[in-house]
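The values are calculated or read from the model by the stated rules, or taken from the named source; none is laboratory data. Since this is a predicted model, take the numbers as computed values, not measurements. When we count neighbours, we look across all protein chains shown, and the Cβ atoms used for this are built from the backbone with ideal geometry, even at glycine.
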Amino acid sequence: MSAAAAPSLPPPDSLPRPVPMVDGLAPGVVGNWLDWATGELAGHSDSARADAEILLAALLGSERARLRLRHDDAIEAATVLRYAAWIERRKGGEPVAYIVGLQGFWTLDLVVDTAVLIPRPDTEILVEWALALLPAGASQRLLDLGTGSGAIALALASERSACDLLATDVSEAALAVAGDNARRLGIASISFRHGAWWDAVPAEAAPFDLIVSNPPYIADGDAHLAALRYEPRLALTAGADGLDALRVICSGAAAHLRPGGWLLLEHGHDQGPQVQALLAAAGLTAIESRRDFGGNVRVTGGRRP
């Protein structure tokens, strides 16, 4: 639809303020509202333009890249009102992924809500390492402890369909999100179990060829928690030093791994040496760490002899 065919918008007083009223531009066109939203988010987000585009693309049912070809397209008044409300939510610090209800991870689009952490690109380092340990076509048993949205398990299952996966979480709400993602993606090779760490793993399920986990690893009083206030605290913090969950996982790993099986763990940027020591104390060997996209040590793994 061209700008000339734009439907009449409600009076300015009926819209959330401030609203875009730019000389020479119709108030109902894509480019106008993107510029307004970018200005609104400046100072509230380090990625104001990207946020504005992602939110509007979601409302329009469009790919973000195609918005560049639609700057003169008109927006219906109802969409304008919803967009303004979403921008207000983003200004308040709510993550874009929670507002739109989706987050891209690996090659997948995952449903997310405040019951689960938002999957981060750095976690794909763990997925890459895990896939390198899993021969294509091989049927192996995998365990994802603390699956959250199911991001890691679903990424692995999408690439290694012959593998049998078990994914656990202490949060029933998180498991509901993960199960929903599995159904949406048509992935049936994952079983889900409720419980805390090893308590959720049936004795008959072991041993595993590979165990992966992105557990909580932030210290209880860490200053960064304020910026993560929308995400579930249960999935973020793990004791005074942030290592409580990692200790539990490492201590039980050998009993659940087959000889030659691997444990891969995501952890904080400064926790590499401690996690290596925990793996060594658990009797694992071939211990090494890998860096994330920012150059920080982010994933550490070891193998049962």
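To keep it simple, each residue is scored yes or no on (1) among the aliphatic types (A, V, I, L, M); (2) outside the structural domain of Ile218 (by TED's automatic domain parsing); (3) in contact with a Cys (Cβ under 8 Å, 6 or more places away or on another chain).
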{"residue": "Ser62", "(1), (2), (3)": "no, yes, no"}
{"residue": "Leu69", "(1), (2), (3)": "yes, yes, no"}
{"residue": "Ala78", "(1), (2), (3)": "yes, yes, no"}
{"residue": "Leu81", "(1), (2), (3)": "yes, yes, no"}
{"residue": "Ile87", "(1), (2), (3)": "yes, yes, no"}
{"residue": "Asp113", "(1), (2), (3)": "no, no, no"}
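Taken over region 123-152, the residue count meeting the criterion of being of a type outside the set (Lys, Arg) and closer than 23 Å to Asp180 by Cα is 15. Within region 121-155, can you find the residues that are under 15 Å from Leu265 (Cα atoms) and in contact with a Cys (Cβ under 7 Å, 6 or more places away or on another chain)? Across region 121-155, the qualifying residue is only Leu142.
Contact map, region 118-137: first residue at pLDDT 95 or above, second residue of a type in the set (Gly, Ala, Ser), Cβ cut-off under 7 Å, separation 6 or more or different chains; pairs are Ile118/Ala97; Pro119/Ser149; Pro119/Ala151; Thr123/Ala151; Val127/Ala155; Trp129/Gly301.
Pick out, from region 185-293, the strands (runs of 3 or more DSSP E) lying fully within it that include 3 or more residues that are touching a residue at least 40 places away in the same chain (Cβ under 8 Å).
208-213, 257-266
When the residues of region 47-89 are narrowed to those that are of a type in the set (D, E, K, R) and at pLDDT below 85, which ends up nearest to Ile99 (Cα to Cα)? Step by step, filter region 47-89, then rank; the result is Arg68. Among the residues of this structure, Arg82 counts as one that is more than 20 Å from the chain's Cα centre (by Cα), without any contact (Cβ under 8 Å) to a residue 24 or more places away in the chain and assigned to a helix (DSSP H, G or I). Filtering region 127-150 to residues that are over 20 Å from Val170 (Cβ atoms), of a type in the set (A, V, I, L, M, F, W, C) and not in a loop (DSSP other than H, G, I, E, B) leaves Val127, Trp129, Ala130, Leu131, Ala132, Leu133.
Yes or no: Ala167 buried (at least 17 other Cβ atoms within 10 Å of the Cβ) and over 19 Å from Thr237 (Cα atoms)? Judged against the criteria, Ala167 is a match. Inspection of region 94-108 finds a residue satisfying the criterion of being of a type in the set (S, T, N, Q), touching a residue at least 24 places away in the same chain (Cβ under 8 Å), farther than 14 Å from Asp51 by Cα and outside any helix (DSSP H, G or I).
Glu172 - would you say it is within 22 Å of Thr300 (Cβ to Cβ), without any contact (Cβ under 8 Å) to a residue 60 or more places away in the chain, surrounded by fewer than 22 Cβ atoms within 10 Å (Cβ to Cβ) and not aromatic (Phe, Trp, Tyr)? Spelling it out, it is not the case that Glu172 is within 22 Å of Thr300 (Cβ to Cβ), without any contact (Cβ under 8 Å) to a residue 60 or more places away in the chain, surrounded by fewer than 22 Cβ atoms within 10 Å (Cβ to Cβ) and not aromatic (Phe, Trp, Tyr). I'd like to check something: does region 220-234 contain any residue that is surrounded by 19 or more Cβ atoms within 10 Å (Cβ to Cβ) and aliphatic (A, V, I, L, M)? Within region 220-234, not a single residue is surrounded by 19 or more Cβ atoms within 10 Å (Cβ to Cβ) and aliphatic (A, V, I, L, M). State whether the residues of region 19-41 include one that is at pLDDT 90 or above and either among the acidic types (Asp, Glu) or outside any helix (DSSP H, G or I) (or both). Yes.
Yes/no per residue for (1) surrounded by fewer than 23 Cβ atoms within 10 Å (Cβ to Cβ); (2) under 18 Å from Arg291 (Cα atoms):
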{"site": "Leu133", "(1), (2)": "yes, yes"}
{"site": "Ser139", "(1), (2)": "yes, no"}
{"site": "Asp144", "(1), (2)": "no, no"}
{"site": "Gly148", "(1), (2)": "no, no"}
{"site": "Glu159", "(1), (2)": "yes, no"}
